[in-house]
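As structure tokens, the structure follows; a few thoughts come after it.
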Amino acid sequence: MFPRVFWIDLLESAWKEKSIIWLSGVRRVGKTSLCQSLGDIEYFDCELPSVRRVMEDAEAFLQAVSGRRIVLDEVHRLGNPSELLKIAADHFRSTRIVATGSSTLGASTKFKDTLTGRKRDLWLTPLIAADQAEFNKPGLDRRFLQGGLPGFFLAEQLPERDFQEWADAYWAKDIQELFRLEKRHSFQRFLELLMAQSGGIFEATRFARPCEASRTTISNYLAVLEATHVAHVIRPYSSHRPTEIVSAPKVYGFDTGFVCHYKGWHPLRSEDRGVMWEHYVLNELQARLQTRDVRYWRDKRGHEVDFVFQQRGKPPIAIECKWQAGDSDTSGLAAFARQYPEAELCVVAPDLALSLNRRHGDHEIAYLTLDDLITRLGGRQARIR
């Protein structure tokens, strides 16, 4: 078992703020093994009937574990999980709890109370660069093709069959238990098409016919994928100027391995690596900043910036992901700077050993390593043991 130090540090830090942590992430992303690697914890698998029976009397259970550090894995399997967590937050504050699930807390109807103000939300993403370093497998091609679910990434060969098995389990365990959707074929067809078109502008009408579903149903499918962390909806950054795209989102699949699988990218070409690097950077931003509030920018002339990040009261930071730092096309950043002259302009590339500044016409652009970009955005540093 690998320690995944970044995530353990994040959990321990979160426990200093709140007694309850809601740890979410997709199926097989490593929630269980991460929780079991915490020190001095008691682990409860809520999928077991015997465990669920013990927790039927929430107050008696919490009395028995008072003051301890406990993990409630797959807590949505309990009859009334929000009641147990609410009692713990209000009356057993010395008890430290990590509750895990595959979706955001408000996604399931079982959670009648989303525990606003009583918990800290953490999102376990697919593997980040620090995880790869701990596994002693830092190369990007393996991470792109096999993806960031630990079992997939560590497999000796490309786990082709596992991708479909994962999709089948996702439908049976997460979608049916949490959302009770019908029309399995329609939903899974949408998932496949979304992965194949990952990183593109999303238009629900384009999916309606091949998925044999209405536009409204397609939008509902997307909301389900977003709530379960399987799709990332990146909305446009704008100040509602007439030259900007203001409403059409871009949608990214959650994992490079699944995107490559459904796109049929094996082996990878150079242009494929550029697309996958963009996905990889997004995953690193979401993990280390613990936010979904990443935007993109596009104007009606077709100029585009991959990601835009803005903190309250500070100028926007425009980020272009380049497979090679020598790529001279910075027209998207230049167009953004004309609209937002106060913006910081950044290029992040994997072939940079050190960060540096370069001048392109009237604009200065910071060429950054991924670690330096995260630092500039105020993200958490990744410690490696």
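Worth a mention:
- Flag if Glu83 is over 22 Å from Arg380 (Cβ atoms) and surrounded by fewer than 18 Cβ atoms within 10 Å (Cβ to Cβ): yes
- Total residues in region 309-359 satisfying the condition of being polar (S, T, N, Q), part of a loop (DSSP other than H, G, I, E, B) and closer than 25 Å to Arg241 by Cα: the figure is 3.
Each row is one residue, and each column tells you yes or no for (1) surrounded by fewer than 14 Cβ atoms within 10 Å (Cβ to Cβ); (2) more than 24 Å from Lys86 (Cβ to Cβ); (3) without any contact (Cβ under 8 Å) to a residue 60 or more places away in the chain.
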{"residue": "Arg4", "(1), (2), (3)": "no, yes, no"}
{"residue": "Trp7", "(1), (2), (3)": "no, yes, no"}
{"residue": "Lys18", "(1), (2), (3)": "no, no, no"}
{"residue": "Arg28", "(1), (2), (3)": "no, yes, no"}
{"residue": "Ser37", "(1), (2), (3)": "no, yes, yes"}
{"residue": "Asp40", "(1), (2), (3)": "yes, yes, yes"}
{"residue": "Pro49", "(1), (2), (3)": "yes, no, yes"}
{"residue": "Arg52", "(1), (2), (3)": "no, no, yes"}
{"residue": "Glu59", "(1), (2), (3)": "yes, no, yes"}
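- All conditions in (1) of a type in the set (Gly, Ala, Ser); (2) at pLDDT below 95; (3) in contact with a Lys or Arg (Cβ under 7 Å, 6 or more places away or on another chain) hold for Gly199, with the sole exception of (2).
- Residue match in region 227-235 (condition: at pLDDT below 95, touching a helix residue (DSSP H, G or I) at 6+ places or on another chain (Cβ under 6 Å) and surrounded by 15 or more Cβ atoms within 10 Å (Cβ to Cβ)): yes
- In region 304-316, of all residues being crowded, with 19+ Cβ neighbours inside 10 Å and not acidic (Asp, Glu), the one that is farthest from Lys250 (Cα to Cα) corresponds to Pro316.
- No other residue among Phe190, Phe202, Phe163 is within 21 Å of Gly30 (Cβ to Cβ) and aromatic (Phe, Trp, Tyr) apart from Phe163.
- Some residue of region 280-294 being in contact with an Asp or Glu (Cβ under 7 Å, 6 or more places away or on another chain) and either more than 22 Å from His232 (Cβ to Cβ) or in contact (Cβ under 8 Å) with a residue 12 or more places away in the chain (or both): no
- Answer from Asp351, Asp306, Asp372 - the residue that is within 23 Å of Asp141 (Cα to Cα), of a type in the set (Asp, Glu) and touching a helix residue (DSSP H, G or I) at 6+ places or on another chain (Cβ under 6 Å): Asp306
- For region 127-144, the tally of residues that are surrounded by 22 or more Cβ atoms within 10 Å (Cβ to Cβ) and closer than 18 Å to Glu160 by Cβ stands at 2.
- Residue check, Leu377 surrounded by 15 or more Cβ atoms within 10 Å (Cβ to Cβ), within 23 Å of Asp293 (Cβ to Cβ), touching a Cys at 6+ places or on another chain (Cβ under 8 Å) and not β-branched (Val, Ile, Thr): no
- Qualifying residue in region 242-250 (condition: at negative phi and within 19 Å of the chain's Cα centre (by Cα)): yes
Rundown of residues vs (1) surrounded by 21 or more Cβ atoms within 10 Å (Cβ to Cβ); (2) more than 24 Å from Arg161 (Cβ to Cβ); (3) modelled with pLDDT of 95 or more, yes/no style:
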{"site": "Gly253", "(1), (2), (3)": "yes, no, yes"}
{"site": "His261", "(1), (2), (3)": "yes, no, yes"}
{"site": "His266", "(1), (2), (3)": "no, no, no"}
{"site": "Gly274", "(1), (2), (3)": "no, yes, yes"}
{"site": "His279", "(1), (2), (3)": "yes, no, yes"}
{"site": "Arg288", "(1), (2), (3)": "yes, yes, yes"}
{"site": "Val294", "(1), (2), (3)": "yes, yes, yes"}
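The rows are residues; the columns are (1) of a type outside the set (Val, Ile, Thr); (2) within 19 Å of the chain's Cα centre (by Cα); (3) at pLDDT below 90.
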{"position": "Val75", "(1), (2), (3)": "no, no, no"}
{"position": "Leu84", "(1), (2), (3)": "yes, no, no"}
{"position": "Leu105", "(1), (2), (3)": "yes, yes, yes"}
{"position": "Asp121", "(1), (2), (3)": "yes, yes, no"}
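- Any hit, region 328-338, residues being at pLDDT below 95, more than 24 Å from Leu122 (Cα to Cα) and among the acidic types (Asp, Glu): yes
- Selection within region 174-214 - part of a helix (DSSP H, G or I), aliphatic (A, V, I, L, M) and under 20 Å from the mean Cα position of the chain (by Cα): Ile175, Leu178, Leu191, Leu193, Leu194, Met195, Ala196
The values are calculated or read from the model by the stated rules, or taken from the named source; none is laboratory data. Remember, predicted model here, so these are calculated numbers, not experimental data. So basically every Cβ, Gly included, is an ideal-geometry build from the backbone, and we count neighbours across all protein chains shown.
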